[in-house]
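First comes the structure, then the notes that go with it.
The values are calculated or read from the model by the stated rules, or taken from the named source; none is laboratory data. All values derive from a computational prediction rather than experimental measurement. A quick note on method: Cβ atoms are made from the backbone with ideal geometry, for glycine too, and the neighbour counts reach across all protein chains shown.
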Amino acid sequence: MSKHIPQSLSPFFQPDEIALTEAFLDQAHVIRPAEDRAALDRIQRHMAHTAASLLDRPEPDDPLVFLDGIHEHVSVEKLNDFRLAVFRAMNDQDWLRPAYFSVARQALQTLVGNELSMQRRVNLSIQLPNDDSSLLPVHADVWSGDSPYEVVLWIPIVDCFATKSMYIAPPDLDREIQERFTDFEGRSAEDIWRRIEPHVRFLEVPYGSYLLFSQNVMHGNRVNIEPTTRWSMNCRFKSVMSPYADKRLGEFFEPITLRPATRLGLEYKLPGGFQE
């Protein structure tokens with residue numbers, strides 16, 4: 001019997017949908033193999049090609065090895081300019097967003113809906129070893145104006161593990177901290193981190209897989225003390241008809257899978273003569 005889906009509704013779900021739903025609601029995230037590995041490999045190859053071109057390096061034979069070792073070619077001082085150049089080059093590709101979506105299409109449709117809005121730009125993070133300039137302090141995105149109806153599709157372009165990855169607070173601890181948030185009034189994100197540090201775990205997300213997580217739950221990263229560089233991309237998705245917050249439809253989000261009945265409904269106008 002499902003813990004989260006009422007018994008009366010469970011016949012409407014397939015067993016694999018129930019299992020995915022249970023895992024996501026229990027942990028506020030799921031890690032799964034890429035649903036379209038060819039699309040993911042295309043993203044990785046193009047990213048490695050772009051990075052090599054920007055650095056005037058030869059085309060890499062092994063994109064993962066090249067990207068893992070990018071700290072040998074890019075200094076901390078030049079990292080952000082380099083990251084932005086790769087970010088722009090990737091988002092200039094009209095195939096990027098459809099390919100990115102296809103990596104987790106079925107999971108997104110199960111967990112979010114089949115009428116989706118997608119962020120208009122796919123974000124890129126690069127974290128060099130021992131670099132403290134690329135840190136994301138503990139936070140939940142809803143604290144800064146995101147809709148609680150969003151999920152984040154986080155895709156590693158190299159193997160991500162331990163401090164080369166990100167962490168998510170366990171849902172029970174997250175609820176406890178957020179319910180007592182006034183206890184941290186006047187204190188810093190680092191104070192929250194010290195409270196949750198013994199209980200969080202850094203997620204192991206190898207290349208060839210993806211992470212879907214609720215950005216309502218506290219998460220972040222720390223200094224990457226592993227010997228290789230982290231490359232990851234992230235993008236938000238939400239149901240088209242769910243409430244928006246500061247990030248609006250048409251500005252930050254764009255509908256990608258609007259269904260015909262919804263299109264007809266949005267376009268329909270009653271003929272004149274009907275009473276209100």
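Details
- Tallying residues that are surrounded by 15 or more Cβ atoms within 10 Å (Cβ to Cβ) and assigned to a loop (DSSP other than H, G, I, E, B) within the range 94-107 yields 2.
- Test: residue in the range 232-241 that is aliphatic (A, V, I, L, M), surrounded by 17 or more Cβ atoms within 10 Å (Cβ to Cβ) and under 30 Å from Arg83 (Cβ atoms): yes
- Scope the range 200-229; condition touching a Lys or Arg at 6+ places or on another chain (Cβ under 6 Å) and of a type in the set (Lys, Arg); matching residues: none
- Residue match in the range 174-185 (condition: under 16 Å from Gln215 (Cα atoms), modelled with pLDDT under 95 and among the polar types (S, T, N, Q)): yes
- Note on the range 140-171: residues that are under 21 Å from Asn224 (Cα atoms), in a loop (DSSP other than H, G, I, E, B) and among the charged types (D, E, K, R) total 1.
Okay, residues lined up against (1) more than 19 Å from Val138 (Cβ to Cβ); (2) free of Cβ contacts under 8 Å to residues at least 60 places away in the same chain:
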residue	(1), (2)
Glu197	no, yes
Ser214	no, no
Val223	no, no
Val240	yes, no
Asp246	yes, no
Leu249	yes, no
Tyr268	yes, yes
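- Within the range 62-93, the set of residues being in a loop (DSSP other than H, G, I, E, B) and closer than 12 Å to Ile43 by Cα comprises just one member, Gln93.
- Taken over the range 150-187, the residue count meeting the criterion of being in contact (Cβ under 8 Å) with a residue 24 or more places away in the chain and either polar (S, T, N, Q) or over 30 Å from Gln106 (Cα atoms) (or both) is 4.
- Figure legend. Inter-residue proximity from the range 252-263: first residues among the acidic types (Asp, Glu), second residues surrounded by 11 or more Cβ atoms within 10 Å (Cβ to Cβ) and part of a loop (DSSP other than H, G, I, E, B), beta-carbon distance below 7 Å, spacing 6+ or different chains. Indicated pairs: Glu254/Arg120.
- Verdict on Leu55 being at pLDDT 95 or above, in contact with a His (Cβ under 6 Å, 6 or more places away or on another chain) and closer than 27 Å to Ala99 by Cα: yes
Quick grid of which residues meet (1) polar (S, T, N, Q); (2) under 18 Å from the mean Cα position of the chain (by Cα):
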position	(1), (2)
Tyr210	no, yes
Gln215	yes, yes
Glu226	no, no
Met233	no, yes
Arg263	no, no
Gly272	no, no
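- Among (1) touching a residue at least 24 places away in the same chain (Cβ under 8 Å); (2) closer than 30 Å to Leu249 by Cα; (3) surrounded by fewer than 19 Cβ atoms within 10 Å (Cβ to Cβ) - the single one Leu54 does not satisfy: (2)
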